[in-house]
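Scroll down for the structure; my scribbles are underneath it.
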Amino acid sequence: MKVAVFLPNWLGDLAMATPTLRALRRRFPRPARLVGILRPYLADVLAGADWLDEQWLFDPRANDASLRAGAVAARMRAEHFDVAVLMTNSLRSAWIAWRGGAKERIGYVRYGRGPLLTKRLRGPRIGFRALPSPMVTAYLELARAAGCQEESPRLELHTAPADDQSARGVFERLGLREDGRVAVLNSSGAYGGSKLWPVDRFAELAQRIVRELGYDILVTCGPKERDIAREIVGLAIGKGDSRIVSMADQPMDLGTAKACIRRCGFMVSTDSGPRHVAAAFGLPVVTLFGPMLPVWSENPTQRAINLVAELDCIGCHKRVCPLKHHRCMRDLSVERVFSAVTELLNETKGQTCASAW
């Protein structure tokens with residue numbers, strides 16, 4: 001039995017897909033073969049887990065022709081897959097599964113790709129309009145269509161030994177404590193500027209967490225967000241807080257980032273991928289929502305507080321504020337965020353994270 005799984009294209013979405021990978025592995029135990037098809041930059045996200053037997057890298061815009069759609073379809077044809085599970089909703093992924101000869105092709109009917117699927121899911125709707133629903137639930141519906149049993153929506157990630165070693169080096173170089181009393185602040189917003197919280201507020205929040213809660217602060221970032229992380233640290237330590245550091249000048253690979261997050265006590269984050277990584281390691285998370293509604297990432301197994309401004313324009317899904325005021329993020333005060341942090345820590349006092357490092 002050979003099963004191809006077209007995995008999500010974003011870090012957070014891939015973390016939210018992990019319950020479905022668990023379910024598929026249980027439905028198709030070895031010697032059945034599960035192959036994950038995913039973007040190259042996400043190759044390290046599932047490191048340390050054993051759900052997949054192989055990962056195939058796919059990038060439709062790659063200079064390397066072997067990573068493009070036609071090459072992946074040809075590779076699938078040569079392998080004779082029995083099932084393809086499509087977590088991505090693009091017409092291209094459905095075409096690859098069809099052209100690749102997978103006998104059964106399971107996915108949601110979107111963007112005119114219905115005729116390319118053999119099992120068609122539609123999700124909750126009112127008439128022709130799709131309703132917002134948690135992505136974890138949507139992914140698990142695909143697993144159910146593949147014959148899987150009920151599965152917990154709990155997110156799950158792992159780290160490889162090399163990543164843990166790299167993270168230890170980061171903590172040593174930055175002088176971070178090893179007792180878990182490190183708060184990780186994630187200011188990233190690869191989706192667009194509409195998800196960003198002002199850097200001066202992140203800096204003020206960092207100061208309060210250090211002074212009033214006694215935590216060290218690690219500001220995490222991606223390769224394109226180094227300057228934002230440096231600015232947050234610069235604003236914070238300029239007022240005397242030396243326990244605030246960033247990943248800006250540390251290794252930027254996802255494996256190291258995962259292992260560093262795993263060593264921390266809690267996270268405050270914009271609505272972006274790292275918050276799902278934190279949740280997958282059992283960290284409490286305070287999330288600052290802007291253009292996206294929290295319903296898309298709801299999960300009853302997470303220890304989380306979601307903060308949303310009370311505005312009529314919430315849920316616009318725009319990458320840049322179309323009204324030019326960006327109030328969905330600016331109206332979230334430092335006091336409100338800090339209060340959420342203390343509330344969450346009080347609620348989770350005495351509990352342990354899902355994974356120990």
*Calculated FRET efficiency for the pair Arg92/Asp200, C-beta based, R₀ 41 Å, to 0.05*: 0.50
_Nearest 5 percent is fine: what portion of the DSSP beta bridges confined to the chain is antiparallel?_
5 percent
*asked:* Among DSSP bridges having both ends in segment 2-145, what percentage is antiparallel? Round to the nearest 5.
replied: 10 percent
*What span do the alpha-carbon atoms of segment 21-155 cover on each of the three principal axes, reported in whole Å from largest to smallest?*
42, 32, 27
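Give me the dipole magnitude in Debye, nearest 20, for segment 161-348 about the Cα centre, with unit charges on the beta carbon: positive for Lys and Arg, negative for Asp and Glu. Please list the in-between numbers first.
Details: 24 positive and 23 negative charges, 60 e Å.
Magnitude of the dipole: close to 280 debye.
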*Using mean Cβ contacts within 10 Å as the protection proxy, how do 90-96, 39-45 order, highest first?*
90-96, 39-45
*Name the long-range amide H neighbours of Cys221: under 5 Å, sequence gap of 5 or more, or other chain; modelled H, no Pro or chain starts.*
Met247
*What angle, in degrees between 0 and 90 and rounded to the nearest 10, separates the Cα long axis of helix 135-145 from the longest principal axis of the Cα atoms of the chain?*
20 degrees
*Could you give the size of the charge dipole of the chain about its Cα centre, using +1 on the Cβ of each K and R and -1 on the Cβ of each D and E, expressed in debye and rounded to the nearest 20?*
1320 debye
*asked:* Rounded to two decimal places and with Rh computed the Kirkwood way over Cα pairs, what is Rg over Rh for segment 161-348?
replied: 0.94
*Would you kindly derive the ³J(HN,Hα) couplings of segment 226-237 from the backbone phi angles with the Karplus curve 6.51 cos²θ - 1.76 cosθ + 1.60 (θ = phi - 60°), listing them in order in whole Hz, with x for Gly and Pro?*
4, 5, 4, 4, 5, 5, 4, 5, x, 5, 6, 6
*Relative contact order of segment 2-145, pairs being alpha-carbon contacts under 8 Å that are 6 or more residues apart, as %*: 23 percent
*Just Asp179, Asp200, Asp253 to compare: in a GNM of the chain, with alpha carbon springs under 10 Å, which one fluctuates most?*
Asp179
*What residues have an amide H closer than 5 Å to that of Leu121, excluding those fewer than 5 places away on the same chain, when H is modeled at 1.01 Å from N in the peptide plane?*
Gly107, Tyr108, Val109
*Taking the Cα atoms only, what angle lies between the long axis of helix 161-174 and the longest principal axis of the chain, rounded to 10 degrees?*
20 degrees
*To one decimal place, what Kirkwood hydrodynamic radius in Å is obtained for the chain from all pairs of distinct Cα atoms?*
21.3 Å
*Which value in nm describes the separation of the simple spin-label points at Met252 and Asp227, placed 7 Å from the Cα toward the beta carbon?*
1.3 nm
_Sites Arg30 and Arg208, calculated FRET efficiency, Cβ-Cβ separation with R0 41 Å, nearest 0.05_ = 0.25
*Using a Gaussian network model of the chain whose springs link C-alpha atoms within less than 10 Å, name the residue from Arg25, Arg75, Arg181 with the highest mean-square fluctuation.*
Arg75
*So how do Val295, Val35 line up by other beta-carbon neighbours within 10 Å, fewest first?*
Val295, Val35
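The numbers here are math on the coordinates, done by the rules we state, and not lab data. Please read all numbers here as calculations on a predicted model, not as lab measurements. FYI the Cβ positions are ideal-geometry reconstructions off the backbone, even for glycines, and counts take in every protein chain you see.
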